[in-house]
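Report on one structure; see the data block that follows.
Rule-based calculations on the coordinates, nothing more; no lab input. Predicted model only: the values in this text are computed from it and were never measured. Backbone-built Cβ (ideal geometry, glycine too); neighbour counts: all protein chains shown.
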Amino acid sequence: MASAAGSTAAVPFWRAAGMTYISYSNICASLVRSCLKEPHKTEALNREKVHFAVSKWADGKAEKPTLRSDTPGE
C-alpha cells in the first residue's frame with residue numbers, strides 16, 4: 001500500500017500543464033463564448049467586459065480615480 005507522501009494520485013490535467021484553475025476556466029469560458037450563435041454570442045461578449053477605477057494615494061488621501069477597462073480600445 002502506498003503512503004500519502006508517495007501517492008500516485010491523479011493530478012488534474014490543468015495542473016499538470018502548469019496552469020491555475022482560474023486560467024483553465026477562463027480558456028474554457030472563452031471557447032464556449034466563441035462557439036455561441038448570434039445573438040447569444042454578442043450578449044456573452046458584452047457580459048465579459050470589466051470596468052474598474054484606479055486611485056493613486058498621496059499624503060494619505062486618494063486622488064481623483066481613473067476609470068479603466070480591461071477591454072482594449074475603451
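Would segment 20-73 count as rounded, prolate or oblate if I go by the C-alpha gyration tensor, calling it rounded below 1.5 in a/c and otherwise prolate when a/b exceeds b/c, oblate otherwise? Verdict is oblate for segment 20-73. Taking label points 7 Å from Cα along the Cα-to-Cβ direction, Tyr24 and Glu63 give a separation of 4.2 nm.
Bridgeable lysines around Lys37 (alpha carbons under 22 Å apart, same-chain partners fewer than 8 residues away excluded): Lys49. As a calculated quantity, the FRET efficiency between Asn46 and Trp14 at R0 = 35 Å, using C-beta atoms, amounts to about 0.80. Rounded to the nearest whole Hz, the Karplus-based 3J(HN,Hα) values (6.51 cos²θ - 1.76 cosθ + 1.60, θ = phi - 60°) of segment 52-67 follow the sequence 8, 10, 10, 10, 8, 10, 9, 6, x, 10, 7, 7, 4, x, 9, 7, with x at glycine and proline.
Annotation: lysines with alpha-carbon distance below 28 angstrom to Lys61 (same-chain offsets under eight excluded): none found.
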